[in-house]
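Before any comments, here is the structure.
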Amino acid sequence: MNAKNSVKNPDASLPSTPYYLLDEAAIVANMQIIARLCELSGAKALLALKCFATWGVFDVMQPYLHGTTSSSLNEVRLGYETFGNNADVNSKDKKETHAYSVAYSADEIPEVLSYADKIIFNSISQLNAFKDQAAAQGVPVGLRLNPKTSNSSFIIADPARPFSRLGEHDRDKIAAVLDDITGVMIHNNCENDSFEAFSESLADIEARFGDILEQLEWVSLGGGIHFIAPDYPLEKLAERLKGFSETYGVQVYLEPGEASIHGAGSLVTTVLDTMHNEKNLAVVDASIEAHMLDLLIYRESAPINAINEEAINILPVNTDKSADMSDNTIIYGRSCLAGDIFGEYELPSTLKVGDKIAFGNAAGYTMVKKNWFNGVNMPAIIIRRLDGSIDIQREFDYQDYKASLS
Ligand SMILES: *Cc1c(COP(=O)(O)O)cnc(C)c1O
């Protein structure tokens, strides 16, 4: 499944920065945790493409997952082409391709249905508009429910925020369309690392919708469960999911995005300049707004996981707490956004022009969101394969920038 222009580079000499570096071994380690969770619980796991869609590594993910889920026509097509189209429809190895969108346009529906094994509508009005077409194609239909509670510490990412458009909440209205659906999708967690909080919110869903769930064949519980954390009680989660599945007689699906690739990628940059303004400043050849946009959206900072190719784990300092911070270094991106900041750090030594800084946690919600703001060079996508070899999967140049506009 490698791109045609993929280059085998056995002596591991890497191209110039910036680049995203994906580590297949780290992805597989996450996959094994997901597969274990599925084995213990009976749940099926679908990769949420909106988080991670770098299909050059799907070969190593496919054996562990049951398919993909999507947020748009483009994603469902990508999922079908790169993940779901791999086996005979009757084969047990057939991967599922789930379709969901906050809102489909009428002209997208025939193509979406041509790729989808299930289609999940966000609202009853969309369900009513398109259910007959889905039935004609033999594609099972689902509806997104909004339980009006969530485990998300960010209002911008909270599906249960006031006046939310994400799913239906009215029990009577949902009960009235039960004949048209075989399942539901509920996504109300965001990087939730507390099993207790997850379990309580599932209990809440059961109390609210239990009699509805009983009449369904499948329930997708979405993504955002941080079961990948080393101290997460995976067995308890599995038991909870298994019990849920047995109580209501449903196939449970999970839609892990972040959990699939957590810790499996970095953004490797080079220091272009250093300055001093009460603290040490460094400017690198990438940008959070263009290449790690979630740092900006969620006002977070990136960990550093290598300096000059030496592995090191430096967490950003909490600038609310530390007293004298004049020796700290703020690492800036090279876009003109004043607040284009990767983070503030206590570093073992002062940075110099030419130093290579690798930021961690750069696989999810990065490559899918990268953009050409400021015309800053687009990081290449590099894959460290399971055998240790390095593939330059994709490089971008001026022509790509130009072609993205007109
Ligand atoms: C975002 C999203 C996911 C994936 O969430 P992660 O936090 O990356 O696991 C899964 N399902 C739906 C419906 C989503 O919107």
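Observations
- Amide hydrogen neighbours beyond the local backbone of Gly67, cut-off 5 Å, H modeled: Leu47, Glu96
- The share of accessible area on the range 265-362 that comes from carbon and sulfur is 48 percent, using a 1.4 angstrom probe.
- Among residues other than Ala134 with Cβ under 14 Å from its Cβ, the summed charge is -4 (Lys and Arg +1, Asp and Glu -1).
- Shown here: the range 81-189, whose C-alpha atoms stretch 43, 30, 26 Å along the first, second and third principal axes, sorted largest to smallest.
- Percent of Cα pairs exceeding the 26 Å cut-off, where the set is the chain: 57 percent
- Taking the Cα centre of the chain as reference, the dipole from Cβ charges on Lys and Arg (+1) and Asp and Glu (-1) amounts to some 540 debye.
- The phi-based Karplus calculation (6.51 cos²θ - 1.76 cosθ + 1.60; θ = phi - 60°) puts the 3J(HN,Hα) values of the range 101-117 at 8, 4, 7, 8, 8, 4, 6, 7, 4, x, 5, 4, 5, 5, 9, 8, 8 Hz, whole numbers, x for Gly and Pro.
- Calculated SAXS-style log₁₀ I(q)/I(0) at q = 0.14, 0.17, 0.21 Å⁻¹ - the range 265-362, Debye, Cα scatterers: -0.44, -0.67, -1.08
- Relative contact order, percent, the chain [alpha-carbon distance under 8 Å, six or more residues apart]: 21 percent
- Cα-based Rg of the range 24-261 normalised by 2.2 N^0.38 Å, two decimals: 0.94
- Long-range amide H partners of Ala99 with built H, under 5 Å: Asp117, Lys118, Ile119, Ile120
- Of the residues Cys190, Cys336, Cys51, the one with the largest accessible area comes first in the ranking Cys336, Cys190, Cys51, computed with a 1.4 Å probe on protein heavy atoms.
- Charge sum, other residues only, whose C-beta stays under 14 Å from Ala106's C-beta, Lys/Arg counted +1 and Asp/Glu -1: -3
- Accessible area of the range 255-357 divided out per residue, in Å², using a probe of 1.4 angstrom: 48 Å²
- Measuring with a 1.4 angstrom probe and ignoring ligands and nucleic acids, His276 comes out at about 120 Å² accessible.
- Our compactness index for the range 240-294, the C-alpha radius of gyration over the empirical 2.2 N^0.38 Å, is 2.15.
- At R0 = 22 Å, FRET efficiency that the Cβ-Cβ distance of Asp172 and Glu217 yields, to 0.05: 0.55
- Over the range 17-152, accessible surface divided per residue gives 38 Å², non-protein components excluded, 1.4 Å probe.
- MRE, 222 nm, helices only [DSSP H, n ≥ 4, -39500 (n - 2.57), over the chain, to nearest 500]: -7500 deg cm²/dmol
The values are calculated or read from the model by the stated rules, or taken from the named source; none is laboratory data. Note that the structure is a prediction, hence the values are computed from the model and not measured. With ideal geometry, Cβ positions are generated from the backbone for all residues, glycine too; neighbour counts draw on all protein chains shown. Heads up: the accessible areas ignore ligands, DNA and RNA and are worked out on the full protein's heavy atoms, side chains in. Shrake-Rupley method; radii C 1.70, N 1.55, O 1.52, S 1.80 Å.
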